[in-house]
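For reference, the structure discussed in these notes is given below.
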Amino acid sequence: MKLFFTILFFLTTIIASETKEFRVGIYNNPPKIFLDVNDKPSGFFVDILDEIASKEKWHLKYVKCEWRECLLMLEEGKIDIMPDVAYTKEREKHFKFNKEIILSNWSVVFTNKKNEISSILDLNSKKTALLEHSIQQEQIQETFKLFGLKPIFILTKNYEEAFSLVQSGAVDAAVVNKHFGELQKDRYNLKETPILLNPAAIKFALTNAIDTRQIADKIDLHIKELKENRESLYYKSIQKWLSTKEVFNIPTWLKVVFVIAIAFLIILTGAVAFFRYMLNLKTKEVIEKSEKLHKQEEQKIKDYENFVYALVSMIEQRDSYTAGHSQRVAKYSLLIAKEMGYSMQECELLFKAATLHDIGKIATPDSILLKPDKLSKLEYNLIKEHVNVGVKMLKNIPMFKGISHIIKYHHEKYNGSGYPDGLSGNDIPELSRIMMVADAFDAMTTNRIYKHKKSVNDALAELKSLSKIHYHPEVVDAAIKALSCTKITDDFNQTPITEIEQQRFAYFYKDAVTELYNVKYLETTLINNNDTLKYKKSIVISLHKFDIYNKKHGWDKGDETLKNFAKLLYTLFTESLIFRIRANDFIILLQNELNKSSLIQEEIKNFTEKAEIEFDFNIYDLKADKIHSYSDLKKFI
């Protein structure tokens, strides 16, 4: 009987664990996600999530809500999963995201067919509809602000409301995602403009109210498998929901001509009627060919543009520092250019060039691009090639041809010591001179793992000291005025924060045997600590007679003992940095005073006695003992 109940309990546990229920937010954003006329969940993201749920034996309960309402419910844990959410670092503070990109998306400006809006400059003082609390709202408003444009933003609850306002003439334009716009523009009799904004990576967002990391990992596993199989539901769903077909509509005026021609066929003689009939056919053929060529050229330009922004999105996912750097350089370049009195068209050209100036790093090896340490001379020569790669990519695309020469020369120096051509003085293109200064300013005011950022005043002072050496004096003078009130945040640095970033550091800064940080990272941390004063104390633990231990038990057993000792240190110093230096010395950096020192030493003593080795345990005050670098610390070891 006892065996029977044990088996019954085991089977019940299995059955209960097979099916999990998740609440999924659904809002109206066709064709990606929406409720159809029968209130049935539909669209690309529903197909993908239903496919994953069927494989994982999940039960999905779709909860209808407006966009903003959905995000609030997700943050409060009232729903578990929200599809079709653009990833940003700010949103990552509130939700969990899966890692695999589901779709790349960007925003497009649509307008009434009577309006003549073809450039971002045409939106100045125009009423423009934006989705409230969307990813477009903050970033697009900031972009217009940088260009000195002041459109009148009308915030809407959904994209359909935005298109209705444009159709009725209540607003001049609307900013929506490309998928919704391409699907709905004909329904509202709107036209697509060439203005593309805000490239974004679309993912699934999960609530932080419960532990959803395992669910996100399972989603990533299935997405990766679907994307690797060209015959999978992923590509069939893209074809079903997101592919658009070109439709040729005969112009109204041509229909009128055709009707008139028919009337003349009845009135005129057979010869005249036949001639006019053939003439109309020829006219129609010429118009159709012209329309087809025009649409092909527009599509070609659109494809080029989409390709470049997709590459930028890829670089963002590959190296978050590079992506943030490009955005900041674009912002600083625009501020300097406006201070120097450049035209709006020149400012727009410079802004595009600065946004794409590091696109050539797509060809830079990960071992160099992601290296959080100073580059060797060979590595520096290799990374310099990103300029030539970027220029080659952009100069063959007509819409970006004008910015390739700006990018090409943004690493030149005023004294001729730069690259790639060693230009000097006024030979360096004007807009390249501005980008040089903006690029340098951002590098100075950004934390890197091997150096602490400078303050705005210190960075501007350094630019001033390099005037007529590295940088054009007129640009430096303008930068000092334009950037003096710039606020630098701590959101961007190279210190390891997420689990992925910590694993990246393992390649560069961790000991291979114990997986503790190595002396290289210790040196960097101590140097940065001179500014931050984050760490107050240092503990030095030295193991003795370890060579005797290795000879007696072998090197493999010795490595195992070192690993176990590292694990012990992890348990004793949970909120500290732990380093292994040389062979048998261990350094711990403490943020506060050490509590329970005697108990900790007793634990270490028990470990070493079992291993038949000895140890020293010493605590030093980094400030009082004037320990500012590894060289200073070595005096006490």
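Put simply, the convex hull of the Cα atoms in the chain casts, on average, a shadow of 43.1 nm².
Counting pairs of alpha carbon atoms under 8 Å apart in space and at least six apart in sequence, what relative contact order in percent does the chain give? The value is 9 percent.
Between Ser598, Gly554, Thr445, the Cα set farthest toward the positive side of the dipole of the chain (charges on each charged residue's Cβ, about the Cα centre) is that of Thr445. Counting Lys and Arg as +1 and Asp and Glu as -1 over every other residue whose Cβ lies under 12 Å from the Cβ of His544, the net charge comes to -4. One chain, two ends: Leu183 and Leu242. Fully extended at 0.36 nm per residue, the span grows by 20.4 nm beyond their Cα-Cα distance.
Using C-alpha pairs below 8 Å separated by at least 6 residues, the relative contact order for region 390-479 is 23 percent. Applied to region 528-538, the Karplus parametrisation 6.51 cos²θ - 1.76 cosθ + 1.60 on θ = phi - 60° returns per-residue 3J(HN,Hα) values of 5, 5, 4, 8, 7, 6, 5, 9, 9, 10, 9 Hz, with x for Gly and Pro. Provide the FRET efficiency to the nearest 0.05 for the Asp39-Lys487 pair, computing r from the beta carbons and using R0 = 51 Å. According to the calculation, E is roughly 0.60.
Using DSSP, restrict attention to beta bridges with both residues in the chain and report what percent are antiparallel, rounded to the nearest 5. Roughly 70 percent of the DSSP beta bridges within the chain come out antiparallel.
Reported value for region 87-215: 111 Å³ per residue, from the convex hull of its C-alpha atoms. For a quick check: with amide H placed at 1.01 Å from N, whose amide H comes under 5 Å from Leu60's, ignoring anything fewer than 5 positions away on the same chain? Result for Leu60 returns Phe22.
Local charge for Val476 was computed over the other residues whose Cβ lies under 9 Å away, with Lys and Arg +1 and Asp and Glu -1, and equals 0. So what is the relative contact order for region 88-192, in percent, with contacts set as C-alpha pairs under 8 Å and at least six apart? The normalised contact order for region 88-192 reaches 39 percent.
Check which residues have an amide H placed less than 5 Å from Ile195's amide H, if you skip close sequence neighbours. Hits under the 5 Å cutoff: Val109.
Modelled spin-label separation between Lys377 and Tyr235, with each label point placed 7 Å from Cα along the Cα-to-Cβ direction: 4.9 nm. A cut-off of 5 Å between modelled amide H atoms, ignoring neighbours fewer than 5 places along the same chain, links Phe615 with His544.
How big is the C-alpha Rg of region 332-469 next to the rule-of-thumb value 2.2 N^0.38 Å, as a ratio?
Here the answer is 1.06, to two decimals.
What the phi angles of region 393-401 give under the Karplus curve with 6.51, -1.76 and 1.60, with θ = phi - 60°, is a coupling list of 5, 7, 5, 8, 9, x, 5, 10, 4 Hz, glycine and proline written as x. Each peptide in 428-440, 271-283 was scored by the mean count of other Cβ atoms within 10 Å over its residues; highest first, the order is 428-440, 271-283. Based on protein heavy atoms only, the chain ends up with 53 Å² per residue of surface accessible to a 1.4 Å probe.
Surface composition of the chain: carbon plus sulfur atoms hold 54% of the accessible area, using a 1.4 angstrom probe and ignoring ligands, DNA and RNA. Sorted on the mean count of surrounding Cβ atoms within 10 Å across their residues, most packed first, peptides 186-195, 547-556 read 186-195, 547-556.
Helix-only arithmetic for the chain: the sum of -39500 (n - 2.57) across DSSP H runs with n ≥ 4, divided by the residue total, places the mean residue ellipticity at 222 nm at -16000 deg cm²/dmol.
Give the peptides 175-184, 417-426, 520-529 in descending order of average Cβ contacts within 10 Å, highest first.
175-184, 520-529, 417-426
Residues in region 623-637 carry Karplus couplings, in order, of 7, 5, 8, 6, 9, 10, 7, 5, 4, 5, 5, 4, 5, 9, 8 Hz; the curve used is 6.51 cos²θ - 1.76 cosθ + 1.60 with θ = phi - 60°, and Gly or Pro positions show x.
The values are calculated or read from the model by the stated rules, or taken from the named source; none is laboratory data. The model shown is predicted, which means the values in this text are computed figures rather than measured ones. In this analysis, Cβ positions are derived from the backbone assuming ideal geometry, glycine residues included, and neighbour counts consider all displayed protein chains. Accessible surface areas use protein heavy atoms only, side chains included; no ligands, DNA or RNA. Shrake-Rupley method; radii C 1.70, N 1.55, O 1.52, S 1.80 Å.
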